[in-house]
Each structure stands twice: as structure tokens, then as C-alpha cells.
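Structure first, commentary second.
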Amino acid sequence: DGSRHRWLVVGGGDLLAGVEGVEVQRCAGVAALGEAIDAGSELPDVVVVDACAMGDGGGDLAQRVRVRAQGVLESLQWWLAQERFADSRLVMLTRGAVAVGEDEAPDLVTAAVWGLVRSAQSEHPGRFGLIDVDGSEASGGLLASALLGEEPQLALRDGVALAPRLGRAAVEDRGSVAPFDSDGTVLVTGGTGGLGAVFARHLALEHGVGRLLLISRSGPDAAGVGDLCASLQEAGCDARAVACDVTDREALAALLQSIPAEHPLTAVVHAAGVREDGVITSLDASRLERVMAP
């Protein structure tokens, strides 16, 4: 029964407007929520934050992703620091952040919100929720009941609530996998690291890739790179390790231009990454920036 619940909406315009039996308060941001409580407002049971209304600062795609992720991080940290909200739940509302059908493609800026909040959910079970909507009237009518539920992650599509579940995937026939161009070059970023090396061997042994360009910050000086390249050579693959930091756009552009025309770049496996171990409450803008730069 929604009438027994007090909901507070941060941003979101007409979000939840017209939902019967629900007491809805609104504020401009999470800090304003704290001010309202200090002024005597009752503690809400559910706080709904429209993540898409946070803005992304403009700029190129990578910058927009970082700005929105930083805004969400600050909201999560503020919420966790408020002991008075220990019995309340914060739900991040997104639009098109996840793809649940073959005809859908996630919005890359908002998709990062889901990745970040999923981490917060694993560290603080029950404190956060994620709901992705499609903007349809049918899904809007389902939003109230979705907010009352306990599912940590939901996608509302045409009035149907979808939750992620593990299932057995069908194994594709190997013959249906498109072969790689035998004359082309496959680039593996982070190619000398653990994950990159696994992909490199898989490409050479399982897909018959004949030319691999393995790049990382250490390049040929990376530990174990000699053995890696030797094993790839034995598999009939011409593998070359090159030092290049993928966060340096000029250096990366120069590397791409150096690939010979007779062996053009035909595929990229992006396995480069920076690790900044730490829980949500220990992150900050600079650590987030270092992780997202690659």
C-alpha cells in the first residue's frame, strides 16, 4: 500500500506525478534533502534520484561519463554518511542505461551509473536500488509498485518489470563465428597483462589470428612478455609488444598510424585498465578519473 510510504524525489520533473495514494516530496538535490530533514520534515522511506537529471557537463563522451559518474558517487557517499537514513532506501532512476532486448543499445553515459551503483549495492545490501525506465506510460504506471519492491535492479519496458537472472546460454555453432582477416592486424590494449594475454592466446589458437599488436604502458619490458610472444609465434602468430599508454591520445593516434597499410587494423580488444582498489566511501574524483581514463 503506497499510502503508508513517504517518498522523496530528487530532480526528475514530473516523476511519480499523479500516482495515487503516495505522499511525494521533492527537493533539488541530496544536500537539500538533509536541509529539509533538519527543518523538521519526516524521514522518507524511499528517496528517488533521477540520475539523468544530474547533467553531464557537456564535452566529449568520455568527459560526460566521468562527470555523471562523479555526481552519482558524491550522492552515494553523502547518503552513506547520513546515519539518520540507515532505514531508508535510495533508488537511482535511469533511462536507457541497460539493454534488455536485441533492439536496444545502452546509453553509454548513464550505463556507468549502473556499474557504480551495483558496486555500492554489493557493499551495502538493501541501501540502494536501480530502476531503468523506457519513458512509456505503461512503465510509468508500474513505477510506484517497482519502488515498493525489494528487487535491487529492475528495467521497466512497456509496463513489464524485468529483473536480471542467471540462465543457461545457448552455445553458438563455431562455424557461425566470423573469421578474422588473415592479412589484418588485431590490436589488444593491455595486451601484456593477465586478461590481455588470455585474449591474445585465444585469438591466435582459436581464431587463427596471424598478427597481434599488444600494447601496454610497459610494452616489451612487461613481465612475461617474452614467453607470451614466443608462444604466440609458435602458434603461427606474428605478435609484437609495444609500449603505449592508451590514456595518451596523441601517442595512441601515432601508434595506429604506424600500422602498415598492407596489414590494416581490423579489430580491437580493449583490455587495458587501471586498478584503484577501495570501497565506495574511500573513492574520490581523482581515483575515479584514473580508473576511467583508459
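Quick one: how many residues across segment 100-113 are without any contact (Cβ under 8 Å) to a residue 12 or more places away in the chain and either surrounded by 14 or more Cβ atoms within 10 Å (Cβ to Cβ) or among the aliphatic types (A, V, I, L, M) (or both)? I'd like the intermediate steps shown before the answer.
The initial filter retains those residues of segment 100-113 that are without any contact (Cβ under 8 Å) to a residue 12 or more places away in the chain, namely 102-106.
In the following step, the residues that additionally are either surrounded by 14 or more Cβ atoms within 10 Å (Cβ to Cβ) or among the aliphatic types (A, V, I, L, M) (or both) were identified as 105-106.
Qualifying residue count for the region: 2.
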Suppose we filter segment 83-99 for residues that are part of a loop (DSSP other than H, G, I, E, B) and surrounded by fewer than 15 Cβ atoms within 10 Å (Cβ to Cβ); how many remain? 3
Go through (1) buried (at least 19 other Cβ atoms within 10 Å of the Cβ); (2) not in a helix (DSSP H, G or I) for Arg66 and report which single condition fails. (2)
With under 22 Å from Glu150 (Cα atoms) and open to solvent by 50 Å² or more (accessible area, probe 1.4 Å) as the only criterion, which of Leu43, Leu116 stands out? Leu43
If I ask for residues that are without any contact (Cβ under 8 Å) to a residue 60 or more places away in the chain and among the aliphatic types (A, V, I, L, M), which ones from segment 201-212 would you list? Ala204, Leu205, Val209, Leu212
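Among the listed residues Arg165, Arg118, identify the single one that is assigned to a loop (DSSP other than H, G, I, E, B) and not small (Gly, Ala, Ser). Full working, then the answer.
Details: Arg118 fails: assigned to a loop (DSSP other than H, G, I, E, B).
The unique qualifying residue is Arg165.
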Name, by its number, the condition in (1) touching a helix residue (DSSP H, G or I) at 6+ places or on another chain (Cβ under 7 Å); (2) in contact (Cβ under 8 Å) with a residue 40 or more places away in the chain; (3) surrounded by fewer than 18 Cβ atoms within 10 Å (Cβ to Cβ) that does not hold for Thr192. (3)
Single unsatisfied condition, His124 versus (1) surrounded by 13 or more Cβ atoms within 10 Å (Cβ to Cβ); (2) under 30 Å from His207 (Cβ atoms): (2)
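Please work out if Leu142 is over 30 Å from Cys237 (Cβ atoms) and modelled with pLDDT of 95 or more. Give the steps one after another, and end with the answer.
On the way: over 30 Å from Cys237 (Cβ atoms): yes; modelled with pLDDT of 95 or more: no.
Spelling it out, it is not the case that Leu142 is over 30 Å from Cys237 (Cβ atoms) and modelled with pLDDT of 95 or more.
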Between Asp245, Asp227, which is among the charged types (D, E, K, R), open to solvent by 50 Å² or more (accessible area, probe 1.4 Å) and outside any helix (DSSP H, G or I)? Asp245
Only listed residue being exposed (fewer than 12 other Cβ atoms within 10 Å of the Cβ), over 17 Å from the mean Cα position of the chain (by Cα) and part of a loop (DSSP other than H, G, I, E, B), chosen from Glu250, Glu262: Glu262
Among the residues of segment 129-172, what is the count of those that are of a type in the set (Gly, Ala, Ser), open to solvent by less than 60 Å² (accessible area, probe 1.4 Å) and free of Cβ contacts under 8 Å to residues at least 40 places away in the same chain? 9
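Out of Val67, Val98, which single residue is within 25 Å of Ser136 (Cβ to Cβ) and not acidic (Asp, Glu)? Can you show your working first?
Values: Val67 fails: within 25 Å of Ser136 (Cβ to Cβ).
Unique residue meeting the criteria: Val98.
The values are calculated or read from the model by the stated rules, or taken from the named source; none is laboratory data. Owing to the predicted nature of the structure, the values given are computational and were not obtained by experimental measurement. Every residue, glycine among them, receives a Cβ derived from its backbone with ideal geometry; neighbour counts consider all protein chains shown. These area figures cover heavy atoms from the full protein model, side chains too; ligands, DNA and RNA do not enter into them. Shrake-Rupley method; radii C 1.70, N 1.55, O 1.52, S 1.80 Å.
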